[in-house]
1. State all residues of segment 329-370 that are crowded, with 20+ Cβ neighbours inside 10 Å and within 24 Å of T106 (Cβ to Cβ); if no residue qualifies, say none.
2. Just to be sure before I move on: is A174 buried (at least 21 other Cβ atoms within 10 Å of the Cβ), more than 26 Å from the chain's Cα centre (by Cα) and modelled with pLDDT of 95 or more in the structure I sent?
3. Looking at segment 409-429, which of its residues are touching a residue at least 12 places away in the same chain (Cβ under 8 Å), among the aliphatic types (A, V, I, L, M) and surrounded by fewer than 24 Cβ atoms within 10 Å (Cβ to Cβ)?
4. Examine segment 218-233 for a residue that is within 16 Å of the ligand (Cβ to nearest atom), assigned to a helix (DSSP H, G or I) and hydroxyl-bearing (S, T, Y), and state whether such a residue exists.
5. Is there a residue in segment 264-274 that is surrounded by 11 or more Cβ atoms within 10 Å (Cβ to Cβ) and within 27 Å of K230 (Cα to Cα)?
6. May I ask you to say which residue of R185, R167, R192, R203 is touching a helix residue (DSSP H, G or I) at 6+ places or on another chain (Cβ under 7 Å), surrounded by fewer than 20 Cβ atoms within 10 Å (Cβ to Cβ) and basic (K, R)?
7. Got a number for residues in segment 356-413 being farther than 21 Å from M435 by Cα and β-branched (V, I, T)?
8. Do we have T210 as polar (S, T, N, Q), more than 22 Å from P146 (Cα to Cα), within 15 Å of the ligand (Cβ to nearest atom) and surrounded by fewer than 16 Cβ atoms within 10 Å (Cβ to Cβ) here?
Amino acid sequence: MTLQDLIKKRGPIKKVGVIGMGYVGIPAAVLFADAPAFLKVYGFQRDSPTSGYKIAMLNMGESPLKGEEPGLEDLLKKVVAEKKFACTSDFSKIAELDAVTLSIQTPFLNKDDLLPDFSALKDGIQQVGKHLSPGMLVVLESTITPGTTTGFAREKLESESGLVAGRDFALAHAPERVMVGRLIRNIREHDRIVGGIDAVSTRRATELYTAVLTTGKVIPMTATAAEVTKTAENTFRDLQIAAINELALYCEAMGINVYDVRTGIDSLKGTGITRSLLWPGAGVGGHCLTKDTYHLERGVQVLGKDLLDYPKDQPSLFVLARRINDFMPRHMYRLTIDALARARCPVNGAKIAILGWAFLSNSDDARNTPSEPYRDDLIRDGAHVSVHDPYVKEYPGVPIISGLDDAVREADAIALFAGHREYRALDAVRLKSLMGKKHPVIVDGRNLIDPDVFIQAGFIYKGIGRGDMNRHEIIG
Ligand code: SAJ
């Protein structure tokens with residue numbers, strides 16, 4: 001019997017499982033459960049000390065994701081009440097499913113040797129392999145090194161189950177494109193890349209995702225092309241950010257305002273002229289842009305070994321972009337040190353308030369936050385660093401202060417790291433009186449404040465890309 005026959009015998013997908021209840025898995029499971037096409041959806045979560053609590057929360061219709069996620073909580077309550085969704089740590093339930101997806105973190109242990117940490121993914125794949133039955137569909141949603149679906153994942157599933165991919169079960173990669181703050185919308189509205197190891201697998205996976213797409217449509221391709229598409233789209237975004245960050249550093253050195261230049265460049269419109277200038281800033285964080293370049297680099301090293309034709313002894317443009325974006329928190333540190341020197345305040349013993357610990361505006365997501373290396377540098381120099389964030393409630397080893405006044409009281413300097421809306425209306429005079437300094441320092445890493453207002457109030461100002469202001473005259 002061919003795979004097509006097995007799938008035909010099974011009929012349309014009715015029961016779906018999602019392994020990994022995080023920023024990717026939870027909205028995916030809830031949307032599958034809300035799709036009329038599917039009868040039942042299980043969310044699989046290991047009952048571990050760190051994340052086992054999610055099981056009970058989800059089964060009560062509560063989302064463990066604290067940031068603003070429009071539509072998620074209501075939909076979750078609905079599908080739990082309808083008994084269409086349940087979260088469990090009983091992986092044997094995989095055996096009763098038609099399709100199972102894996103949304104598990106795929107970080108890098110060490111970026112220099114380009115070795116990804118697939119340990120969590122391996123455990124998930126092993127669980128699927130143990131309970132795999134003929135005709136089932138397995139989809140990898142995690143961002144993975146090109147070659148993983150047809151290589152590592154396929155081998156693991158086959159050795160665990162004794163079945164053969166493409167003959168006994170369908171296998172595909174359909175990379176997530178979620179973004180915190182718009183998880184539900186992105187899954188429904190963005191086009192979905194679907195790459196099967198063969199045409200039958202691509203068709204079966206298309207059936208799965210078509211059920212949750214509203215304005216988005218499925219874009220079919222091979223599994224490896226899907227892996228490259230995902231890693232490359234984040235690598236290109238990172239590259240675009242690195243380009244504007246480099247321009248910002250140049251503008252600072254040349255004494256001009258990068259935002260004027262950006263407006264100027266952006267004004268060149270018309271057919272054939274694509275401009276997608278992004279925004280300079282204090283750094284690039286998150287779970288995606290900080291690692292997907294390395295997945296792509298590893299992919300070409302493994303799949304393109306000895307075939308890549310590239311300028312001799314030249315670094316990868318993509319990795320260089322990573323290095324420039326990783327440098328930005330360091331640049332924020334240098335701006336802070338320079339400003340403190342202007343205030344005649346030694347960094348050793350200085351009090352610095354970081355506003356914004358999340359890596360993204362108006363979210364609670366602090367994974368790989370650019371604020372952390374900045375804080376580490378200052379603490380190494382003997383500074384006392386306080387951290388404020390309206391969304392991030394806790395972070396291992398870093399006390400987060402919820403009251404803005406408490407965080408900035410008596411501070412010598414403030415560093416703006418996240419573009420939270422709360423920081424767009426900071427009152428210079430009030431902040432100065434709370435800081436209690438003649439010339440307090442403010443370093444703007446997200447272009448949130450009007451430098452003139454703060455300088456007039458007696459602040460020493462520094463801003464990413466603001467070469468026109470960073471050597472301003474000190475008032476008062
Ligand atoms: N950032 C800048 N300047 C910008 C845009 C972003 O400095 O102009 C910084 C942000 O402050 C943040 C980091 O980059 O620290 C990442 O921001 P992001 O907006 O890229 O957020 P992510 O990483 O959550 O989302 C990206 C998106 N990828 C693309 O748009 C190609 C999203 O669509 C993906 O779904 C997501 O990665 C992912 O999960 O891969």
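The values are calculated or read from the model by the stated rules, or taken from the named source; none is laboratory data. Quantities reported herein were computed from a predicted structural model and do not represent experimental measurements. So basically every Cβ, Gly included, is an ideal-geometry build from the backbone, and we count neighbours across all protein chains shown.
1. Matches in segment 329-370: P329, W357, A358, F359, L360, S363, D364, D365, A366, T369, P370.
2. no
3. L426, A428, V429
4. Within segment 218-233, one or more residues are within 16 Å of the ligand (Cβ to nearest atom), assigned to a helix (DSSP H, G or I) and hydroxyl-bearing (S, T, Y).
5. yes
6. Unique residue meeting the criteria: R167.
7. 3
8. Here the answer is no, as T210 does not meet what is asked.
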